[in-house]
1. Could you tell me which residue of segment 345-371 is farthest from N386 (Cα to Cα), considering only residues that are among the aliphatic types (A, V, I, L, M) and at pLDDT below 95?
2. Take P476 and tell me if it is within 30 Å of D22 (Cα to Cα), open to solvent by 10 Å² or more (accessible area, probe 1.4 Å) and in contact with a His (Cβ under 8 Å, 6 or more places away or on another chain).
3. Working only within segment 394-424, note down all residues that are of a type in the set (F, W, Y), within 21 Å of F102 (Cβ to Cβ) and in contact with a helix residue (DSSP H, G or I) (Cβ under 7 Å, 6 or more places away or on another chain).
4. Looking at A281, A268, which one is open to solvent by less than 20 Å² (accessible area, probe 1.4 Å) and closer than 25 Å to Y404 by Cα?
5. From the list R183, R163, which residue is surrounded by fewer than 24 Cβ atoms within 10 Å (Cβ to Cβ), touching a helix residue (DSSP H, G or I) at 6+ places or on another chain (Cβ under 7 Å) and under 25 Å from S242 (Cβ atoms)?
6. Give all pairs with beta carbons closer than 6 Å in which a residue from segment 301-318 that is touching a residue at least 12 places away in the same chain (Cβ under 8 Å) meets a residue that is surrounded by fewer than 18 Cβ atoms within 10 Å (Cβ to Cβ) and of a type outside the set (V, I, T); count only pairs at least 6 apart in sequence or on separate chains.
Amino acid sequence: MTSALRILVFSILVALCSCQSDEFLYDTFPAGFKWGAATSAYQIEGAWNISGKGESIWDTFVHSDEPHVADGSTGDVACDSYNFFREDVALLKNLGVNFYRFSFSWSRLIPTGDLRDGFSEPGVDYYNGVINELLANNIEPTVTLYHWDLPQGLQDVGGWLNRTVVERFAEYADLAFLLFGDRVKTWYTVNEPWVQAVQGHGWGDYAPGLNQSGILDYQAGHHLLLSHARGWRIYDEKYRNSQGGKIGYTMDSSWLEPKTQTQADIDAAERGMQFKLGWFAHPVYSVDGDYPPIMKEYVARHSAEEGFPQSRLSEFTPEEVAYVRGTFDYFGLNHYTTNLAEYAVYPFAPSYATDAEVFPSFNETWPESSADWLRVVPWGFRKLLNWVKNEYGDIPIFITENGYADFPGTIDDVGRVDYYRSYINEMLKAIKLDGCNVIGYTAWSVIDNFEWAAGYTQRFGLHYVDFSDPARPRTPKSSAALYKQIIADNGFPAPPKNEDKNDL
Ligand code: GAL
């Protein structure tokens, strides 16, 4: 699609969706729609040095003398799901979910990260225990191979900046398919490569804490993309026939709404979408593959202006473009919030933000959460789903995370109840009114957990966890009852009785 046409479609999309955004839709999801909930290894497992587990970059990051985590906490014990995973499965069963999305800790399975050094039997036993417990309770295990906890052994030789990481990931993925693929039928190669690239290598607020924006983030992102593609192709060529599962990866994206209706802001919003979601989606899901043309153009231009001999954005060879393109069985999407996008030229360089020429902000009337980056803007979800459909075609979209942050101690979490009800309803509108092909939904998260650099100051759980008690008791919040009801009803079949009366 030409950029003029793309911007026209984008403007129509913005106009179209906004008129229908407020009315609640009473209807159900298509038969077979899948409901689930998620966690990740470092955020819940604890047992950071138990049974031969190697250290990961998050172990190093939280144990360093530098203050990386808001409350000075770590994931050393976290929810202690290493010991209490059966409790987690019981919570999932009570919710009535079809599947659980959790991640493998690479260094629990392969302590140095390099399979040539061997793998850990206790690590294999642990994940067999989780998988078998889920199956015994009729819950499908779905597994993320990489949720940001790179083995420290690999970081020591350059981590995501060293191309050999692609080979190490390939060997790890192959082992996982071999050992667990008889029972795991849905795989996610990499979780949110954007966050791992930008926050881990550009801003440095996440492990491994490197902060050369506009340089290292692009290099890390390149190897994350190649690793994903390698994992997908190994599954496709070696395991798909015998195991019959699905594999893809999962990208994060906010919706970007133009701050004003000036052409500059409308263009900035579309460009921002290409820099954010397109960076990792275009190489895999577009017809042509490779990075989005506008991203290549802007980074190359800025790089030249800054005197770099070549673009700071890494380049795929034609063979790599073909290798990465089409490596999907679904479009995995994590979504939380919406930003306003404004055209901006920054006075500093180089950086990812400078390259995009977009300044993100919020409308101050949008309801807040306990996370400063997350405001409640349900209609943005529907617009994002339409954007994905319009941009990449009728690919099955799998919502692999969506959720809300509250403060520690909240049990009657009215903010989250409102969030889930309204966001899930916007997803229903995208399916029923706009024809978006959304096949499943995943709530983040089953339980309160270690929220990365925010530690335990922000809680995303459907269940409250008391981190001061060694038994880590889990207590359902109000949102757990709501989610359970939505799953049981497969949506919102009819207005609640009191609303009926109001209508009369
Ligand atoms: C996602 C991430 C999760 C969780 C969530 C809430 O970006 O994949 O691990 O932290 O955000 O912030």
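The values are calculated or read from the model by the stated rules, or taken from the named source; none is laboratory data. Not measured: the values here are computed from a predicted model. Reconstructed Cβ throughout: ideal geometry from the backbone, glycine too, with neighbour counts over all protein chains shown. When the accessible area is computed, the model is the full protein with side chains, heavy atoms only, and any ligands, DNA or RNA have been set aside. Shrake-Rupley method; radii C 1.70, N 1.55, O 1.52, S 1.80 Å.
1. A349
2. yes
3. Y404, Y420
4. It is A281.
5. R183
6. E306/A349; S311/A300
Yes/no matrix, rows are residues, columns are (1) among the aliphatic types (A, V, I, L, M); (2) within 16 Å of the ligand (Cβ to nearest atom); (3) open to solvent by less than 10 Å² (accessible area, probe 1.4 Å); (4) touching a residue at least 12 places away in the same chain (Cβ under 8 Å):
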residue: Y127; (1), (2), (3), (4): no, no, yes, yes
residue: T144; (1), (2), (3), (4): no, yes, yes, yes
residue: R168; (1), (2), (3), (4): no, no, no, yes
residue: E171; (1), (2), (3), (4): no, no, no, yes
residue: P193; (1), (2), (3), (4): no, yes, yes, yes
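Okay, residues lined up against (1) open to solvent by 10 Å² or more (accessible area, probe 1.4 Å); (2) touching a residue at least 60 places away in the same chain (Cβ under 8 Å); (3) away from the ligand (no atom under 16 Å from the Cβ); (4) in contact with a Lys or Arg (Cβ under 8 Å, 6 or more places away or on another chain):
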position: I399; (1), (2), (3), (4): no, yes, no, no
position: I411; (1), (2), (3), (4): yes, yes, yes, yes
position: I424; (1), (2), (3), (4): no, yes, yes, no
position: C436; (1), (2), (3), (4): no, no, yes, yes
position: A443; (1), (2), (3), (4): no, yes, no, no
position: D448; (1), (2), (3), (4): no, yes, no, yes
position: A454; (1), (2), (3), (4): yes, yes, no, no
position: R459; (1), (2), (3), (4): yes, yes, no, no
position: L462; (1), (2), (3), (4): no, yes, no, yes
